[in-house]
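The values are calculated or read from the model by the stated rules, or taken from the named source; none is laboratory data. Just so it is clear, the model here is predicted, and its values are computed rather than measured. For neighbour counting, all protein chains shown are included, and Cβ atoms are generated from backbone atoms with ideal geometry for every residue, glycine included. Calculation scope for accessible area: heavy atoms of the full protein, side chains included, ligands and nucleic acids excluded. Shrake-Rupley method; radii C 1.70, N 1.55, O 1.52, S 1.80 Å.
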Amino acid sequence: MTNIQPVEEKKTFGDKFSLFLTKNRVWILGIIITLIIVAVVLAVVKVVSTEAHQKGLTELDSIVYNLTKTEEASLPAAKTEALEKITALADKNSSNIVGLRAQMAAADIYFSNENWSEARDAWLKATAIDEKAYTASVCYYNAAVCSEELNDTDSAITYYEKALAGEYCEFDTHILFSLGRLLESKSDFAGAAEKYNELKNSYPNDPWTDLAQSRLIALQSENKIQ
């Protein structure tokens, strides 16, 4: 008599997957719940963060607005008080938009008081928060101006160049002329001529180009450049 062996039915992929889910449903469900919780937490954090930033910006705008309404006689004391509040906001928000705006506001006050060193530090702290922000070129430009007031020519050149390299730079012509002027002061006449010529070639109809052209003529007449 022939022995008939039972034939094992082949399981489809769907069958195997269903069995796998059945056997491991507890920990799979746990993973799904964890992912849902993480997504909810991230969404809540984003909302809370956005609300906190908005609150901080509103507070900063209020401080600055009140300062603009201050009478001249009370302005020095008002600036000191505003700086304390703005600095506190900046320290509390050292890595976000509130801190960036607060550093810029502090820099404006320092600049108006002709505290060039403090103003420059604040401008640079603002750029450090987000070097790709549209405000970076403005901050570097102002840091360069402060450096000039401090007779720090090398730093002024560095910050003007950083401002010029920015994606959102709006002072190209003035910066190019300023770089030429500063290089002249260092007796780097060839470097100065390069900046003046770049200005002349790239912005032929700009008022700063007229000044650059006059400097090129003067340098040539003095045999400082060919």
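Name the pairs: first residue in segment 166-193 and within 14 Å of N142 (Cβ to Cβ), second residue among the hydrophobic types (A, V, I, L, M, F, W, C), Cβ to Cβ under 7 Å, at least 6 apart or on different chains? So the pair list comes out as G166/A136; C169/A163; F171/A163; H174/W208; I175/A163; I175/L164. On the given criteria, is E81 touching a residue at least 24 places away in the same chain (Cβ under 8 Å) and open to solvent by 40 Å² or more (accessible area, probe 1.4 Å)? Criteria not met by E81. Taking segment 199-226 as the range and being among the acidic types (D, E) and crowded, with 17+ Cβ neighbours inside 10 Å as the test, only D206 passes.
Restricting the first member to segment 91-120 and to residues that are within 27 Å of E148 (Cα to Cα) and in contact (Cβ under 8 Å) with a residue 40 or more places away in the chain, and the second to residues that are open to solvent by 50 Å² or more (accessible area, probe 1.4 Å) and aliphatic (A, V, I, L, M), the beta-carbon pairs closer than 7 Å and six or more apart or on different chains are A105/V64. Taking the listed residues T153, T135, T158, the one that is at pLDDT below 95 and either of a type in the set (V, I, T) or surrounded by 14 or more Cβ atoms within 10 Å (Cβ to Cβ) (or both) is T135, with no other qualifying. Just to be sure before I move on: is S112 modelled with pLDDT of 95 or more, open to solvent by less than 70 Å² (accessible area, probe 1.4 Å) and more than 10 Å from the chain's Cα centre (by Cα) in the structure I sent? It is false that S112 is modelled with pLDDT of 95 or more, open to solvent by less than 70 Å² (accessible area, probe 1.4 Å) and more than 10 Å from the chain's Cα centre (by Cα). State whether the residues of segment 169-180 include one that is over 22 Å from D108 (Cα atoms) and surrounded by fewer than 16 Cβ atoms within 10 Å (Cβ to Cβ). No, the conditions are met nowhere in segment 169-180. Just one of the listed residues (A128, A90, A73) is open to solvent by less than 30 Å² (accessible area, probe 1.4 Å) and of a type in the set (A, V, I, L, M, F, W, C), and it is A90.
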